[in-house]
Amino acid sequence: MTDTQAGDRTSLLGVILGLSVGVLIGGGVTYLGVDATAAELRLRSGGDIVEADVLDTRVMKARNTGTTYEVRYAFTLAGAAETYTLSDGTGREGLWTALPVADWEAARASGKVAVRYLPGDPWVSRPVNAAAPPLGDSIAGLVLGLLIALPCLLLLVRVLIRRPPPPLVAASEEVRARPGRRSAD
């Protein structure tokens, strides 16, 4: 094998590896987007309500969004030993969530907040009076994942099914190999 062929083979392996990584990353982001969208739609369509303990409160000020009043909460269900908090599809738990100021003040004073959760998956929850998180964020994640995964997948398939280039033949060997021609030997 010549140095050129070895370099081409190494380059091809690098392309295949890079495209495979793109497919995996895009697929993971797409999965998280689909999971978050499905969880939010299930929560919007129903669920049970429980009184959760307020773990902490805070006021966040930002130039773009203004002031938000946030809480962290936890709850347990009858007959379950596990304590549930607000979580997301990446596995983060104990997340903060915004409330309207009047509800935030009431939660801060009482130490309790009403939370809607999915009985089949209590990690999917949010305060009853909190505005529903926008589906746009979940859908944007889904679309971003597809925009990464699909082109990488298509290019990967194209690279894998293309025919290998013909072997390099020295010009003098090519002339000698042609029928009907005499070689200079």
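Read-outs throughout are calculated quantities, based only on the coordinates presented, and are distinct from any laboratory measurement. Because the structure is predicted, anything quoted here is derived from the model rather than measured.
Tell me, rounded to the nearest percent, the portion of alpha carbon pairs in the range 47-114 spaced more than 18 Å apart.
Values: 958 of 2278 pairs.
Looking at the range 47-114, the distances longer than 18 Å represent 42 percent of pairs.
For T90 and A74 in one chain, what is 0.36 nm times their gap in residues minus the Cα-Cα distance, to one decimal in nm? Numbers along the way, then the final one.
Details: separation 16, 0.36 × 16 = 5.76 nm, distance 1.83 nm.
Once the chain is fully extended between T90 and A74, it gains 3.9 nm.
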